[in-house]
Amino acid sequence: QVWHISWLAAALALPPSELRRTAVFAVEEGASLRAIMAEDELQEVRDNFYVGNFQKALQLCESTSATNDIATNELNAILARCCLSIPIFDRLKAMQNSESPGQQAAAMMAIILKSKNEQQRVSFKEKLVALANQSHDMSAAMLAAISLSMDGSWNEAVQLTKAHPTLEMQALRVFLCLSCHQFSMAEKALSEMAGNNDDSAAFRLATAAVKLAIGDPEEAYLTYCDLSSQFPFTQGDSESASVLLQTGKALANMQRGMFAEAVEDLLRASAISPNDPDVLVNLCACSTHLGKKEDFQQYYSKLEQVSPAHPYVVKTQSLNTAFTRFKASLTA
């Protein structure tokens, strides 16, 4: 069974699979009141972003007027993260020289994700980490932590999240712990989040991910359903949900052994984003469990085409190569 924990997606969907979530909300000494104001006025923007409603979050960013510098900084960063997650690379390119560290960081992350030049990717990862350390910006630190995790530098990534004691960074810490199979640490990080804003999408998504990891898919499924109803993907359609939430529901159904229902969830997600690697790899897993070889081959071929470097594709190809060599050795 293959299942993927979508990060605060922020969009490593940063493409769906990947890491699509961020906020720049930072609590400065002597600015507690302004911080609370920023949190209140941007809560709808933030929640829609984290549940994967990137287009709606982008529209909200463009129509919202922030009332203070902290809120403006966060709003600019979320807008950039929306462009990264949709994606809109032309707008990101223009943000390379932005005065907002969060927008600069999103532009750097776009290059890291899109470039096929390994040297360039390494260079921009270093620049991103340097930006996070120099600017002390939460959004830059979040993206830097995500880029470090992509290389397996889990400890360094977690340390970056500790520099900003905000709900969003705590949530990212939960996902980082889960991604490197440190479930007890994830539970501890989640407990530290509790009581701050338990109705926020970030907290509820982190809770659902932990529930999946510790074997409580029923509770996770209910959380994803609640979020889907509260934040529909299509305005006026309470039955619609983002790719991230549909995939989450599918993962919970897979853990419950309800593979036919999981396929239904994934097909709804596929209708929105047909090339999403998370959707495709989980359709492969469901097809295997349901014994549908033709469906498996269809989804696997598409995954191989749209994401040739996907870990599942790489591992499958290496196994095929090993078997081919073994077969050849028998006839030699």
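The values are calculated or read from the model by the stated rules, or taken from the named source; none is laboratory data. Quick caveat, the model's predicted, so the values are computed rather than measured. Positions of Cβ are backbone-derived with ideal geometry, glycine not excepted, and every protein chain shown enters the neighbour counts. Accessible surface areas use protein heavy atoms only, side chains included; no ligands, DNA or RNA. Shrake-Rupley method; radii C 1.70, N 1.55, O 1.52, S 1.80 Å.
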Tell me which of these residue 229 doesn't satisfy, since it passes every other one: (1) of a type outside the set (Lys, Arg); (2) part of a helix (DSSP H, G or I); (3) open to solvent by 10 Å² or more (accessible area, probe 1.4 Å); (4) within 28 Å of residue 112 (Cβ to Cβ). (4)
Would you pick out the residues in segment 100-147 that are of a type in the set (D, E, K, R), modelled with pLDDT under 95 and farther than 21 Å from residue 309 by Cα? 137
Test result for residue 235, open to solvent by less than 10 Å² (accessible area, probe 1.4 Å) and not charged (D, E, K, R): no
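Would it be correct to say that residue 216 is closer than 23 Å to residue 298 by Cβ and open to solvent by less than 70 Å² (accessible area, probe 1.4 Å)? Even if it seems obvious, please write down each step before you answer.
Values: closer than 23 Å to residue 298 by Cβ: no; open to solvent by less than 70 Å² (accessible area, probe 1.4 Å): yes.
When the stated conditions are applied, residue 216 does not pass them.
Hey, which of the helices (runs of 4 or more DSSP H) in segment 40-90, taking only ones fully inside, have at least 3 residues that are small (Gly, Ala, Ser)?
Working: elements: 43-50, 54-63, 69-85.
Fully inside segment 40-90 and qualifying: 69-85.
The rows are residues; the columns are (1) small (Gly, Ala, Ser); (2) in contact with a helix residue (DSSP H, G or I) (Cβ under 8 Å, 6 or more places away or on another chain); (3) part of a loop (DSSP other than H, G, I, E, B).
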{"site": "254", "(1), (2), (3)": "no, yes, no"}
{"site": "257", "(1), (2), (3)": "yes, no, yes"}
{"site": "263", "(1), (2), (3)": "no, yes, no"}
{"site": "268", "(1), (2), (3)": "no, yes, no"}
{"site": "280", "(1), (2), (3)": "no, yes, no"}
{"site": "284", "(1), (2), (3)": "no, yes, no"}
{"site": "287", "(1), (2), (3)": "yes, yes, no"}
{"site": "294", "(1), (2), (3)": "no, no, no"}
{"site": "297", "(1), (2), (3)": "no, no, no"}
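Could you run through segment 78-110 and say how many residues are under 15 Å from residue 137 (Cβ atoms) and of a type outside the set (Gly, Ala, Ser)?
Restricting attention to segment 78-110, the residues satisfying the condition of being under 15 Å from residue 137 (Cβ atoms) are 78-81, 95, 98-109.
This time we only want the ones that are of a type outside the set (Gly, Ala, Ser), so: 78-79, 81, 95, 99, 101, 103-104, 108-109.
Summing the residues that are under 15 Å from residue 137 (Cβ atoms) and of a type outside the set (Gly, Ala, Ser) in segment 78-110 gives 10.
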Every pair of residues 6+ apart whose Cβ atoms lie under 8 Å, when the first sits in segment 305-332 and is at pLDDT 70 or above while the second is in a helix (DSSP H, G or I) and of a type in the set (A, V, I, L, M): 306/280; 307/280; 307/313; 310/281; 310/303; 312/281; 312/303; 313/303
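Select, from 98, 147, the only residue that is over 22 Å from residue 244 (Cβ atoms) and of a type in the set (Gly, Ala, Ser).
On the way: 147 fails: over 22 Å from residue 244 (Cβ atoms).
After applying the criteria, what remains is 98.
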Return the pairs, sorted by first residue and then second, in which the second residue is assigned to a helix (DSSP H, G or I) and open to solvent by less than 20 Å² (accessible area, probe 1.4 Å), the first residue lies in segment 203-226 and is on the phi > 0 side of the Ramachandran plot and at pLDDT 95 or above, the beta carbons are less than 7 Å apart, and the residues are 6+ apart or on different chains. none
Contact list, first residue from segment 79-98 and of a type in the set (Lys, Arg), second anywhere and assigned to a loop (DSSP other than H, G, I, E, B), beta-carbon distance below 9 Å, six or more apart or interchain, is 81/10; 81/11; 81/14; 81/20; 81/21; 81/22; 81/23
Just to be sure, is residue 296 farther than 27 Å from residue 113 by Cβ and either basic (Lys, Arg) or modelled with pLDDT under 95 (or both)? no
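Consider residue 293 carefully, then state whether it is basic (Lys, Arg) and open to solvent by 70 Å² or more (accessible area, probe 1.4 Å).
Numbers: basic (Lys, Arg): yes; open to solvent by 70 Å² or more (accessible area, probe 1.4 Å): yes.
So residue 293 fits the description; yes.
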Out of the residues in segment 158-202 that are of a type in the set (A, V, I, L, M, F, W, C) and open to solvent by 30 Å² or more (accessible area, probe 1.4 Å), state the one that is modelled with the lowest pLDDT. 163
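So which of 240, 301 is in a helix (DSSP H, G or I), open to solvent by less than 80 Å² (accessible area, probe 1.4 Å) and of a type in the set (S, T, N, Q)? Can you show your working first?
On the way: 240 fails: in a helix (DSSP H, G or I).
The unique qualifying residue is 301.
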